[in-house]
Amino acid sequence: MQIVHTVAELRASLGERRPVLVPTLGTLHAGHRWLIDIARKRGEPVVASIFVNQLQFAPHEDYTAYPRTLERDCELLAAGGCDIVFAPSDREVYPEAQGYTVHPPRELAGILEGEVRPHFFAGVCTVVLKLFNMVRPAAAVFGKKDYQQLLVIRGMVRQLALPIDIVPAEIVRGAGGLALSSRNGYLNDAERAEAAQLYACLSAVAAEIKAGRADWPAIESAAREFLSARGWRPDYVTVRRQGDLREPAAGVPLVVLAAARLGGTRLIDNVEI
């Protein structure tokens, strides 16, 4: 596996080949190995990018405190069969102040995560577009755990006519159904045991809807109360349409999404119906 830090090195390594890209912020776990597996099935070479993107951090979020574990990340990627790691510096990605940014439509990016973190999706879209231009992939793999992000990126690629296939990857879960996430490392033992209740809550909501119950507000309210009673601080638990995250309707595929704080850690998860 090759590790490169500049676009020039990356282009020299790839030549005319269009790789499959797995974009990451680093601090990798077994779920990222799954993304690499999916990428390898789509084509070669596989490029994983590791970059902590300052644009997606709000002023009150500590960008400098985000863990950087490049050596350990590279070991995991090498074991998973990644071909090239692209780990650029801040200066490589942002050689000057980023005056041009990508602002996704508010009806998709201004709700749920976008309501809690207003700067987030503009920062994500801007850096992902830059990475696409740097790497020039034929396809890129994004995990479904960040469900709204997947839809936002897919919409950007479609509307900007980028010649890139966006490949969704199913959520990888650990004990009790807990979605694997870099944030899980912030949980203590008691919190980690409790964290599986987020998936249990979403699964219960999904089961009610599959059973034919369509009183969305009451279902959502009961789910939030369930979490709150266990010490969580929910930002949202909501039922939405899979394709655009608009209000649910009978006869269309739905998804239950949640974001909640447990102790000092904010977790997100979703279950498709």
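The values are calculated or read from the model by the stated rules, or taken from the named source; none is laboratory data. These figures come from a predicted structure and were not determined experimentally. So basically every Cβ, Gly included, is an ideal-geometry build from the backbone, and we count neighbours across all protein chains shown. These area figures cover heavy atoms from the full protein model, side chains too; ligands, DNA and RNA do not enter into them. Shrake-Rupley method; radii C 1.70, N 1.55, O 1.52, S 1.80 Å.
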Treating cross-link reach as a plain straight distance, find the aspartates and glutamates whose alpha-carbon is under 19 Å from the alpha-carbon of residue 130, omitting any fewer than eight places away in the same chain. 9, 16, 90, 92, 96, 165
Quick one: if you stick a label point 7 Å off each Cα along the C-beta vector at residue 173 and residue 116, how many nm between them? 1.9
Which angle between 0 and 90 degrees, to the nearest 10, do you get for helix 120-135 versus the longest principal axis of the chain when only C-alpha atoms count? 30
Loop chymotrypsin sites (Phe, Trp or Tyr not before Pro), the stretch 44-150 (other Cβ atoms within 10 Å of the site Cβ: 10 or fewer; DSSP): 100
Within the chain, what's the longest stretch lacking GluC sites (Glu not before Pro) that sit in DSSP loops with no more than 14 other Cβ atoms inside 10 Å? 171-273
For the chain, calculated [θ]222 nm from helices alone, where every DSSP H run of n ≥ 4 adds -39500 (n - 2.57): -12000 deg cm²/dmol
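Give me the net charge for the shell around residue 162: Cβ to Cβ below 11 angstrom, other residues only, Lys and Arg +1, Asp and Glu -1.
+2
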Fraction of accessible area attributable to carbon and sulfur, the chain (%, probe 1.4 Å): 52
Helix axis angle, 216-229 relative to the chain longest principal axis, alpha carbon, degrees: 80
Once both label points are put 7 Å beyond Cα along the C-beta direction, the residue 154-residue 42 separation in nm becomes 1.2
Find how many whole Å separate the alpha carbon centroid of the stretch 1-64 from the alpha carbon centroid of the stretch 201-273. 31
Compute from the Cα atoms of the stretch 1-136 the Rg and the Dmax, the latter being the longest Cα-Cα distance, and quote both in angstrom. 15.3, 42
Tell me which label goes with the value of Rg and Dmax of the Cα atoms in Å computed from the coordinates here: (i) 18.9, 57; (ii) 18.9, 62; (iii) 16.9, 48. (i)
